[in-house]
1. Working only within the range 129-163, note down all residues that are part of a strand (DSSP E or B) and of a type in the set (Asp, Glu).
2. Scan the range 99-108 and tell me whether some residue there is among the aromatic types (Phe, Trp, Tyr), at pLDDT 95 or above and closer than 24 Å to Phe40 by Cα.
3. Run Asp201 past the list (1) in a helix (DSSP H, G or I); (2) of a type in the set (Asp, Glu); (3) farther than 21 Å from Asp113 by Cβ; (4) at pLDDT 90 or above and report the number of the one that doesn't hold.
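The values are calculated or read from the model by the stated rules, or taken from the named source; none is laboratory data. These figures come from a predicted structure and were not determined experimentally. All Cβ positions, even for glycine, are placed from backbone atoms using ideal geometry, and neighbour counts span all protein chains on display.
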Amino acid sequence: MAAKPGTTNMMPIISKVYCSPSEVVLAVRRRPNVANGGGFAVADSKQRVVFTVDGCGVIGRKEELILRDGEGNSLLLIRRKGAIVEVLSLARQWTGVTYDFLGSHKLVFTLKDPYNSCFSNKSPIRISIESKECSSYGSFEVRGDFPGRSCSIVSSRGDVVATIGVKEEVQQVMASRDLYHVEIKAGMDQAFVFGVIAVLDYIYDGSTRC
């Protein structure tokens with residue numbers, strides 16, 4: 001659905017609270033002084049933490065991650081599906097699930113990573129939106145080189161909704177895997193974007209993996 005002139009088309013996949021009317025640039029940093037699998041933190045331009053991701057070193061379970069807001073509240077439980085499901089689909093599958101205050105859960109997205117995938121010569125990683133309320137948004141895919149921190153999340157319509165990169169000055173002083181930035185387009189759900197990035201981080205032996 002096209003936005004009216006002068007308005008931003010919001011895409012609240014997890015919550016409209018995380019949709020901004022203007023483009024947002026957030027910084028991702030590996031958590032310091034934490035054992036392997038500790039996760040990472042996401043901060044805005046004022047150095048305020050807006051999201052954190054707990055890896056298996058924190059929550060004690062492999063192939064499971066938790067996305068939290070800046071106050072520490074759980075937003076998204078992310079886990080890998082079982083081996084039988086993967087054999088049938090020929091792809092590694094991850095799910096993102098939200099929970100309400102009554103404890104009921106809702107499947108938000110499914111991410112499929114083909115076995116032995118490589119961005120340069122294999123199929124891209126695809127993300128399907130499972131929430132009925134967001135079915136009009138279509139699907140998304142990751143294009144580019146996440147391990148090199150140079151990739152984008154693109155909608156099924158071909159629109160780039162988020163870009164992951166490293167500033168030149170950062171490359172000169174530290175490893176880009178430890179500090180990089182994410183540009184998120186106006187209206188896009190930032191929590192959803194970092195839910196996807198959490199899975200990518202785990203797949204490619206990042207800070208969330210033990």
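1. Looking only at the range 129-163, we keep the residues that are part of a strand (DSSP E or B), and these are 129, 139-145, 150-155, 160-163.
Matches in the range 129-163: Glu141, Asp145.
2. So far as the range 99-108 goes, no, none of its residues is among the aromatic types (Phe, Trp, Tyr), at pLDDT 95 or above and closer than 24 Å to Phe40 by Cα.
3. Looking at each condition in turn, Asp201 falls short on (3).
Matching residues to (1) part of a loop (DSSP other than H, G, I, E, B); (2) in contact with a helix residue (DSSP H, G or I) (Cβ under 6 Å, 6 or more places away or on another chain); (3) surrounded by fewer than 19 Cβ atoms within 10 Å (Cβ to Cβ):
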site	(1), (2), (3)
Val17	no, no, yes
Ala27	no, no, yes
Phe40	no, no, no
Val53	no, yes, no
Arg61	yes, no, yes
